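This report concerns only the one structure given below.
The values are calculated or read from the model by the stated rules, or taken from the named source; none is laboratory data. From a predicted model like this one, the values you see are computed outputs, not experimental measurements. Methodologically, a virtual Cβ is constructed for each residue, glycine included, from the backbone with ideal geometry; neighbour enumeration extends over all protein chains shown. Keep in mind that these areas ignore ligands, DNA and RNA; they rest on the heavy atoms of the full protein, side chains included. Shrake-Rupley method; radii C 1.70, N 1.55, O 1.52, S 1.80 Å.
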Amino acid sequence: MKPLSEKQIRASFVNCSKGDAARLKLPADFADLPWEDLDFLGWRDPGAPLRAHIVLPPEALPTAPGESGGPVGITLRVPERGRTSAVKSSLCRICLTGHASSGVTLFSAPRAGAAGRDGNTVGLYVCSDLACSLYVRGKREPALRTRYEESLGVEERIDRMRVNLLAFVENVRLPSAA
């Protein structure tokens, strides 16, 4: 992923107001992000613990011929109380990384436009730290007692993660429930 500026990130959000985008806090380590290992930027808002954000770079999004799109940002909500279990494991639906139950969180995103203002949301279980790109590359290890070996190579896992994330983002961007 190519580095994005703060201005690009704030202008990218499709499911929140411009005021909300202006008030969100960027990741604490924004200046030191490993951009070359990221397929999307994802973080929990340090100023609002029940909020999280993801931003897809322009190159990750399909565009019509002759069209040049920008990044797309999605604001997510985190439930006040998450479920946790010391014995159960959970699977991120974006990168398919297995975690201890506390390592996966249900994030909900208001739909873009009028549907979102009417209260329609889309939810997905995702790595709690939104570090899917690092998990598929083996740069971060989940806290899980039993490891699952996967037959796909790193590039295939990256491609699968991108497809899963794009499907979620496109679902949020839909004008109404399909």
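Quick notes on this structure:
- Test: residue in segment 131-142 that is closer than 15 Å to I74 by Cα, touching a strand residue (DSSP E or B) at 6+ places or on another chain (Cβ under 8 Å) and surrounded by 15 or more Cβ atoms within 10 Å (Cβ to Cβ): no
- Among residues of segment 141-170 that are more than 15 Å from I94 (Cα to Cα), those with a beta-carbon under 6 Å from a residue that is buried (at least 17 other Cβ atoms within 10 Å of the Cβ) and aliphatic (A, V, I, L, M) at least six positions away or on a different chain give the pairs A143/A100; L144/A100.
- Within segment 1-27, restricting attention to residues that are closer than 18 Å to P57 by Cβ and among the charged types (D, E, K, R), the residue that is least open to solvent (accessible area, probe 1.4 Å) is R10.
- Tally of residues being surrounded by 12 or more Cβ atoms within 10 Å (Cβ to Cβ) and either among the basic types (K, R) or at pLDDT 95 or above (or both) across segment 149-165: 9
- Check on A48, assigned to a loop (DSSP other than H, G, I, E, B) and at pLDDT below 95: yes
- Screening segment 73-94 for residues that are modelled with pLDDT under 95 and either small (G, A, S) or buried (at least 17 other Cβ atoms within 10 Å of the Cβ) (or both) and picking the one that is nearest to G153 (Cα to Cα) gives C92.
Conditions tested, residue by residue: (1) under 22 Å from E156 (Cβ atoms); (2) in contact (Cβ under 8 Å) with a residue 12 or more places away in the chain.
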| site | (1), (2) |
| --- | --- |
| A21 | no, yes |
| K25 | no, yes |
| D32 | no, no |
| E36 | yes, yes |
| D45 | no, yes |
| P49 | no, yes |
| A52 | no, yes |
| L56 | yes, yes |
| E59 | yes, yes |
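- Elements of type helices (runs of 4 or more DSSP H) contained in segment 94-178, each with 2 or more residues being small (G, A, S): 114-117
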